[in-house]
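Q: Sharing a structure here in structure tokens format.
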Amino acid sequence: MSENQDHHNQAGFIAFLGSLAFVFVFFFYIVFVNKGVTLDEKVSDPVPAGAVKFDLTSVKEPWVSTPEVVTAGQKIFKANCAVCHGEKGDLVGGIANARNLVEGQWKMGAGEIAHFKVLQNGLPGTQMASFKAQLKANERWAVVNFINSITKNKSTDKPEDVAAFAKTAE
């Protein structure tokens, strides 16, 4: 009578075998059946039907404010500047010692030329870094146009002075 009559572990053993079977089936599915996730997907902003996507590189004079250039500048601003200045340039969600661009208390002057120079060279002694390497000149002009659209302290630069400077700016 050496028959094992321990039926208390039988349910645990069945659960173990079921779990083991599940793991093997899942492993087989992941390795041989599932195609997985590809990292080469092309993700882009959705464009409404019938709308033409705006190409900032096609703009001959990006220093001239147009609704399209301002919108492009807003997108660039959100991607590069909102971390410090807030999404709307008003420091909401930004860092405390950054410049409030809506109020526009400018250190280097109130104007598109001064703003472009700050984006190009940064502000020594502050956390404002140069964006010359990260942003092309037309992208910096778009950001300048966006900033000028949100600030209460508007540019005093004459359009002809901005155009003359822009032709020599990098």
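The values are calculated or read from the model by the stated rules, or taken from the named source; none is laboratory data. Note that the coordinates shown come from a computational prediction; the quantities given were computed from them, not determined experimentally. Methodologically, a virtual Cβ is constructed for each residue, glycine included, from the backbone with ideal geometry; neighbour enumeration extends over all protein chains shown.
Q: Looking at the stretch 120-162, which of its residues are surrounded by fewer than 13 Cβ atoms within 10 Å (Cβ to Cβ) and of a type in the set (A, V, I, L, M)?
A: The answer is A133, and nothing else.
Q: Among what's in the stretch 153-170 and is in a loop (DSSP other than H, G, I, E, B) and either at pLDDT 90 or above or charged (D, E, K, R) (or both), pick the residue that is nearest to the chain's Cα centre (by Cα).
A: Among those residues, the one meeting the criterion is E170.
Q: Sticking with this one: Give the residues of the stretch 63-95 that are without any contact (Cβ under 8 Å) to a residue 60 or more places away in the chain, touching a helix residue (DSSP H, G or I) at 6+ places or on another chain (Cβ under 6 Å) and surrounded by 17 or more Cβ atoms within 10 Å (Cβ to Cβ), sorted by residue number.
A: G94
Q: Report the residue count in the stretch 123-152 for those that are part of a helix (DSSP H, G or I) and charged (D, E, K, R).
A: 2
Q: Where the second residue is part of a loop (DSSP other than H, G, I, E, B) and not polar (S, T, N, Q) and the first is modelled with pLDDT under 85 and surrounded by 13 or more Cβ atoms within 10 Å (Cβ to Cβ) and lies in the stretch 100-114, which pairs have Cβ atoms under 6 Å and are six or more apart or on separate chains?
A: G104/K152
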